1. Need at least 3 residues that are out of contact with any strand residue (DSSP E or B) (no Cβ under 9 Å at 6 or more places or on another chain), closer than 21 Å to residue 103 by Cβ and not assigned by TED's automatic domain parsing to the domain that holds residue 107 per element, so show me which strands (runs of 3 or more DSSP E) inside the range 1-90 make the cut, counting only ones lying wholly within it.
2. Go through (1) within 25 Å of the chain's Cα centre (by Cα); (2) modelled with pLDDT under 90 one by one and return the number of the condition residue 198 breaks.
3. Please work out if residue 102 is assigned to a helix (DSSP H, G or I), without any contact (Cβ under 8 Å) to a residue 60 or more places away in the chain, exposed (fewer than 15 other Cβ atoms within 10 Å of the Cβ) and not assigned by TED's automatic domain parsing to the domain that holds residue 31.
4. So which residues in the range 44-67 are over 29 Å from the mean Cα position of the chain (by Cα) and within 22 Å of residue 92 (Cα to Cα)?
5. Report whether or not residue 138 is within 14 Å of the chain's Cα centre (by Cα) and not in a helix (DSSP H, G or I).
């Protein structure tokens, strides 16, 4: 029984329109089924859920193999249920027998737009335009939606390195297989991490670190070190250093203002912002 606008009964009469014409602009998933087939019936609610998730990009075409024996014969169907994916007038994938919802989605995923696609495109465009903070925000959004997406992982690692989150970038690269490390982007991200770390280890930073090490109670030097960390995009170290000033003297100079300024200027979606904002509020209130 057809229950949604993008679920159709496929017959010899409409097969050309659905499989050749509609599959040019949408993915068509053919469901070969029969009334006597219990696994076919169990699969129907799953297919309806999937159809509802992709109303504009997916068509589920149901073939009643008892009523449409000629159509089933043309596709040489030997087992029910059988699912077949059509794209641009051609079959591109298939599954036989009872399947989980995830297995069906995994089969469809390469052919359907995914929730993270827009964010990935925005991140890539932002990198090309040199807007590294927006690239980080969009890449983080894509990664949160699909942490298993290798494009999202590598793009976020790249953007993280560019905005100074070198440890996050390294963490994102950990656990990649040898095959995944063969991706040219992997070496590109490693190079960006190296460049970011070199830029972050400036003579000014080293001099202030030595000064603080010699005079740990010099809050002015500690605050200056925090600001220098921020300048070279070592944001977490900047915040940790400022909090060490606030813990020693909550009202020291402009430490609170500098802390809020850094938090307010972190890229949208940066997890440091939420973590340190909570920490600051707990100190103030």
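The values are calculated or read from the model by the stated rules, or taken from the named source; none is laboratory data. Just so it is clear, the structure is predicted and the values come from calculations on it, not from any experiment. So basically every Cβ, Gly included, is an ideal-geometry build from the backbone, and we count neighbours across all protein chains shown.
1. none
2. Result: residue 198 passes all but (1).
3. no
4. Those that are over 29 Å from the mean Cα position of the chain (by Cα) and within 22 Å of residue 92 (Cα to Cα): 44, 61, 62, 63, 64, 65.
5. Numbers: within 14 Å of the chain's Cα centre (by Cα): yes; not in a helix (DSSP H, G or I): no.
For residue 138, the condition - within 14 Å of the chain's Cα centre (by Cα) and not in a helix (DSSP H, G or I) - is not met.
To keep it simple, each residue is scored yes or no on (1) part of a helix (DSSP H, G or I); (2) at pLDDT 95 or above; (3) over 23 Å from the mean Cα position of the chain (by Cα).
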| residue | (1), (2), (3) |
| --- | --- |
| 189 | yes, no, no |
| 244 | yes, yes, yes |
| 250 | no, no, yes |
| 267 | no, no, no |
| 282 | yes, no, yes |
